[in-house]
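Encoded as structure tokens, the structure appears first; notes follow it.
What follows draws every value from the coordinates through simple rules; no lab data is involved. Values in this document were obtained by computation on a predicted structure and should not be read as measured data. Here the Cβ is made from the backbone with ideal geometry for all residues, glycine too, and neighbour counts use every protein chain on show.
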Amino acid sequence: MLYDLFVPYREVAVRMRTVSLLCIIILCVWSGPVRGKGLGSLLASLVAKVPPREASAIDGSEFVRRISAARGAEREEAMEAQYLSGNLPHFLRQLRPVTLKGRLQGGKGATATIFVMPDYLAVGSDRDFFLTPMNLKTALDVAASYGFILPTRKMVDTIFSQSDVHLEPAPMPAGPEMRSTRYYLTHDLTIKAQRRSVGATLASLISGHKKDVVLSGRLLRNPERIAIYGWHWPWGAPIQPLSTVHGAAYADYSHGIRLVSETVLIDDEPMSVYTVLEDPALAGLLSDEGVLKGVRGLFARRGAR
């Protein structure tokens, strides 16, 4: 049975992850409004829209068992239902700061700090979770409900460069089965084995093991497509260049959904990431494609499937 193949991932240091993460972030040199408000309050506010995980929520292995025969829209709906009920591991709520640098119009240097989930979206608990590739519609629905967005290509590159752990991509044979739950599970088990082999903790910012579903100007011009990018080798080269070849309903085992908070710090000042991405003077800090006009509407329209 598919369920029998699933080996729950256990971490000895699970209970220490929150303390360790907060200590690391607090040591960062941030000033002004963030320090005045309190970093703990800021971090808590960024995940305030994510529903708490219920005591009765199923673990990743049980979720895999339930969707073992599902494909397409049925599986996407099952994933979305779990996320909208708050069934994701606690460690994904422990956001990590990632810093991007650039220059504003006129040449003045500036810094943008985004807050990202340490791994891709997964259903389940800290001890037993399952990474879930999703299509664009589901990813946008979940991100919008949580108060998050998808990363840009520039964000993905920077997240990789600042990750604690780089896992090596593990491509599987191409074909129709790429979209099957069996492939999803097989790849998930491979990633778990990689994590164990390098001693990655749940608090680790981790990358290299999936392609990202991303925001792109190409997507905004043609929202019926899905934009994917990444799957970096350890030396930094991505397997997948930015592509919109597939339709918005497409998903396969290689996709990962990493969420980024709607709040970004520009030189320590909190701002809406939508404002930054749509501002010609600031967009270059977060996007190597320049201004992404209309990105706010892409998420605001979510809800109607």
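Annotations
- Cα-projected label distance for Ala44 with His90, points at 7 Å along beta-carbon direction, nm: 1.6
- Protection proxy ranking of 65-73, 138-146 - average other beta-carbon atoms within 10 Å, highest first: 138-146, 65-73
- Degrees, to the nearest 10: 181-198 long Cα axis against longest axis of the chain: 60
- Counting DSSP beta bridges with both ends in segment 108-261, the antiparallel % (nearest 5): 70
- Each DSSP beta bridge with both residues in the chain is either parallel or antiparallel, and the antiparallel ones are about 85%.
- Dipole-positive endmost among Pro151, Ile266, Ala200 within the chain (Cβ charges, Cα centre): Ile266
- One chain, two ends: Glu74 and Asp267. Fully extended at 0.36 nm per residue, the span grows by 65.1 nm beyond their Cα-Cα distance.
- Dipole check for the chain: with +1 at the C-beta of Lys and Arg, -1 at the C-beta of Asp and Glu, and the Cα centre as origin, the magnitude is about 200 Debye.
- Gap separating the Cα centres of segment 200-224 and segment 132-192, nearest whole Å: 6
- Cα long-axis angle, helix 17-26 against the chain (0 to 90 degrees, to the nearest 10): 10
- Applying a DSSP loop filter and a limit of 13 other Cβ atoms within 10 Å to the chymotrypsin sites (Phe, Trp or Tyr not before Pro) in segment 188-280 leaves Trp235.
- Long-range amide H partners of Thr111 with built H, under 5 Å: Asp267
- The chain: relative contact order as a whole-number percent, Cα under 8 Å and 6+ apart: 23
- Split the chain at each of the GluC sites (Glu not before Pro) in a DSSP loop with at most 13 other beta carbon atoms within 10 Å, and the longest piece is 55-223.
- Relative to the Cα centre, the charge distribution of segment 51-186, modelled as +1 at Lys and Arg Cβ and -1 at Asp and Glu Cβ, gives a dipole magnitude of about 560 debye.
- Pairs from the table (Lys101/Lys192; Lys49/Lys137; Lys137/Lys210) lying more than 28 angstrom apart at Cα are Lys101/Lys192.
- Difference of contour (0.36 nm per residue) and Cα-Cα distance, Arg218 to Lys108: 36.8 nm
- Taking Cα atoms only, the orientation of helix 136-146 departs from the longest principal axis of the chain by about 60 degrees.
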